[in-house]
Amino acid sequence: MGTTLAEKLWNDHLVRKGEDGAPDLIYIDLHMCHEVTSPQAFEGLRLADRPVRRPDLTIATEDHNTPTLNIDLPIADETSRVQINTLRDNAKEFGVRIHSLGDADQGVVHVVGPQLGITMPGMTIVCGDSHTSTHGAFGSLAFGIGTSEVEHVLATQTLPLAPFKTMAINVKGTLPNGTTAKDIILAVIAKIGTGGGQGYVLEYRGEAIRSLSMEARMTVCNMSIEAGARAGLIAPDQTTFDYVNGRPHAPEGADWDAAVEYWKTLVTDEDAVFDAEIVLEASDLEPFVTWGTNPGQGLPISASVPNPADIADETEREAAANALAYMGLTPGTPLREIHIDTVFLGSCTNGRIEDLRAAADIIKGRTKAESTRMLVVPGSARVRLQAEAEGLDKVFLDFGAEWRNAGCSMCLGMNPDQLAPQERSASTSNRNFEGRQGKGGRTHLVSPLVAAATAVRGTLSTPADLDAASSNSAVGALA
Amino acid sequence: MEKFTTHTGVGVPLRRSNVDTDQIIPAVYLKRVTKTGFEDALFAAWRGDPDFVLNQEEYKHGSVLVAGPDFGTGSSREHAVWALKDYGFKVVLATRFADIFRGNSGKQGLLTGIISQESIELLWKLIETEPGKEITVSLEDRTVTCGELTVPFEIDDYVRWRLMEGLDDIGLTLQHEEDITAFEATRESWRPKTLPAKTEPKQHIEAARPVA
């Protein structure tokens, strides 16, 4: 019997097979750190008088707590300032490479790795952050870990792990216009539920996945954790190789050839068997938006706010009723009629250059809805520079959006970018939990296309809604 | 991690069930950057109550916590274990522990012994009748002794072995350091290294300003 891609990656990083029920010891190729989950891990090393085993396989950036305004001034919030200074001190003491606020390579850790070319196929990648699954888009086994495990990797460059189960997510057909990778993953989560992936590594396959760009594949893998999965994977192909080639840390010469030769073997064998398998038809997809307070509570935008009374399962019915109460929504309201106060474009899910381009393309020459603000936060300082070189900053500013510095920003309520109580957002981020974007804030997860169209109309919208509106007004003008 | 064979210390009765990790350490204390110094955060919400057991002179320096069932439920925060350890606890005894809490305890050298409710009641009676009375916990014999009373407790064999050897997960892994070094020798040269750092040319990043 053949093996799956996840199993191949596991086997290729097996330092030691566990005996008598003990876990396997797995080698870690890359460990990324940020300011929030690393301080106690470094402290643990200090207390035990242990060094970082492989500083040359470790990298740190500042992202969760950093402000996206006035980054040249001292950080106002004391807790954030202490955490960031602690990371800087630890990096210095232990010889770890760090990209600090103001550095051209600073940004959300999951955007920085791929753009530097230190994320590539065939690796094991960890970080004290659940969205590490992003890097699975390259055909690497990438997952989030806790603080004790951060310390364990710093000290040993390995982790004791029990094997995962494997699940194939087959996305057939072609995505319709106006739908994106974000809609695929929101539809997957709505289908299998927020716990549906528990214990599994998900491998996304099929024609619709193959035709996605690397940025789009990262969006899909990023939200694997929202289905409860340990990791998400996509087999590497020419799209992957082309993305990696020429980046600062990409292999060169003979190393590149050897790497590509190996990477081409990183596919699930024809006769391999997954522990579970689901199928999704891409051509059936519409832009998806969430209406509730977990990422599985999503619907196509043409739908209406569901009525909890229609839900058969008691636990789900109760969850839906609680979610609607928190979100301030009435059953039966068409999703398109929901007014949005703030549009957030950014995060490790949708803060890459392609996301900014797609949104800019829609708003160009249009005017922002007066009662809606739009925050555009590049995923990294390099993304910001690239966008500025392409003139996208001008497009956003002319539209009336705010153009910020890089960071996690409004994805999570840990820095100054937060929703006020009852403020409603359309957000390209990954979690719509209660209070995630600020205490009492109400989040609708959307794609960058829906985010842009929503900023134009002020209610949840798709780009097609704008075309319809402009042709209507043209007709009106003629009449 | 220190090797654990036996421990003798003052027994502290905690007559509550379902003590979750939010009660052990409230979220507000999670913003700290240290792994030690959480002693003041332990049971923070209860410490203001003069009647709380740890506010009584005889129990103040206790190190063996005798708790009600389902201790350590809720959030996975490792800070709960750090807080108990920092306060001075070496052992927690209860009829049931939450899985994650028990796992975290094993990693940090805090012994969580599973004991019958009948034994818990007997221990409570002894340490409440005679506050400050010491309890001896023998990991080797898997027994708890308080005065004339000796009762057994249960603990996972693998965890017991690790505690007795004084091995944390990292220490355990480093026993196989030769395997790690041997594996590293086989790693292909294309695999990326973060050092020496390579980047595109450094550029100045303009600070964004608030919109007026």
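General remarks:
- Test: residue in segment A:61-81 that is charged (D, E, K, R), at pLDDT 95 or above and closer than 26 Å to B:GLU188 by Cα: no
- Residues in segment A:273-288 that are out of contact with any Lys or Arg (no Cβ under 9 Å at 6 or more places or on another chain) and either within 28 Å of B:GLU188 (Cα to Cα) or crowded, with 18+ Cβ neighbours inside 10 Å (or both): A:LEU285 alone.
- Of all residues in segment A:88-100, those being closer than 24 Å to A:MET218 by Cβ and either in contact with a Lys or Arg (Cβ under 7 Å, 6 or more places away or on another chain) or more than 9 Å from chain B (Cβ to nearest Cβ) (or both) number 2.
- Meets criteria (away from every other protein chain (no Cβ under 14 Å) and of a type outside the set (Gly, Ala, Ser)) for B:ARG142: yes
- Selected residue [at pLDDT 90 or above, under 30 Å from A:PRO39 (Cβ atoms) and of a type outside the set (Lys, Arg)] from B:LEU126, B:LEU93, B:LEU163: B:LEU163
- Top-ranked residue in segment A:67-84 [being more than 7 Å from chain B (Cβ to nearest Cβ) and part of a helix (DSSP H, G or I); ranked as farthest from A:CYS408 (Cα to Cα)]: A:GLU78
- Within segment A:49-59, tally of residues that are crowded, with 19+ Cβ neighbours inside 10 Å and either more than 9 Å from chain B (Cβ to nearest Cβ) or in contact (Cβ under 8 Å) with a residue 60 or more places away in the chain (or both): 5
- Selection from segment A:15-26 of residues that are surrounded by 18 or more Cβ atoms within 10 Å (Cβ to Cβ) and either within 11 Å of chain B (Cβ to nearest Cβ) or in a loop (DSSP other than H, G, I, E, B) (or both): A:VAL15, A:ARG16, A:LEU25, A:ILE26
- For segment B:59-88, the candidate set comprises residues that are at pLDDT 95 or above and within 14 Å of chain A (Cβ to nearest Cβ); within that set, the residue that is surrounded by the most Cβ atoms within 10 Å (Cβ to Cβ) is B:ALA83.
- The set of residues from segment B:179-212 being facing another protein chain (nearest Cβ under 7 Å), more than 24 Å from A:GLY113 (Cα to Cα) and part of a loop (DSSP other than H, G, I, E, B) comprises B:ARG209, B:PRO210, B:VAL211.
- Selection status of A:GLU7, modelled with pLDDT under 95 and acidic (Asp, Glu): no
- Any hit, segment A:113-122, residues being surrounded by fewer than 24 Cβ atoms within 10 Å (Cβ to Cβ) and without any contact (Cβ under 8 Å) to a residue 60 or more places away in the chain: no
- When each of A:GLU93, A:GLU78, A:GLU62, A:GLU151 is tested for being of a type in the set (Asp, Glu), over 17 Å from the mean Cα position of the chain (by Cα) and buried (at least 24 other Cβ atoms within 10 Å of the Cβ), the lone residue that passes is A:GLU151.
- Selected residue [among the aromatic types (Phe, Trp, Tyr) and under 17 Å from the mean Cα position of the chain (by Cα)] from A:PHE433, A:PHE399: A:PHE433
- Test: residue in segment B:146-165 that is assigned to a strand (DSSP E or B) and either touching a residue at least 60 places away in the same chain (Cβ under 8 Å) or among the aromatic types (Phe, Trp, Tyr) (or both): yes
- Subset of segment B:157-178 (residues that are touching a Leu at 6+ places or on another chain (Cβ under 8 Å), surrounded by 15 or more Cβ atoms within 10 Å (Cβ to Cβ) and either polar (S, T, N, Q) or at the interface with another protein chain (Cβ under 7 Å from one of its Cβ atoms) (or both)): B:THR173, B:HIS176
- Inter-residue pairs, beta-carbon under 8 Å, first within 14 Å of another protein chain (Cβ to nearest Cβ) and in segment B:99-117, second of a type in the set (Asp, Glu) and outside any loop (DSSP other than H, G, I, E, B), 6+ apart: B:LYS107/B:ASP169
- In segment A:429-437, the count of residues that are more than 10 Å from every other protein chain (Cβ to nearest Cβ) and under 22 Å from B:ALA207 (Cβ atoms) is zero.
The values are calculated or read from the model by the stated rules, or taken from the named source; none is laboratory data. Predicted model, so just to flag it, every value in this text is computed and none were measured. FYI the Cβ positions are ideal-geometry reconstructions off the backbone, even for glycines, and counts take in every protein chain you see.
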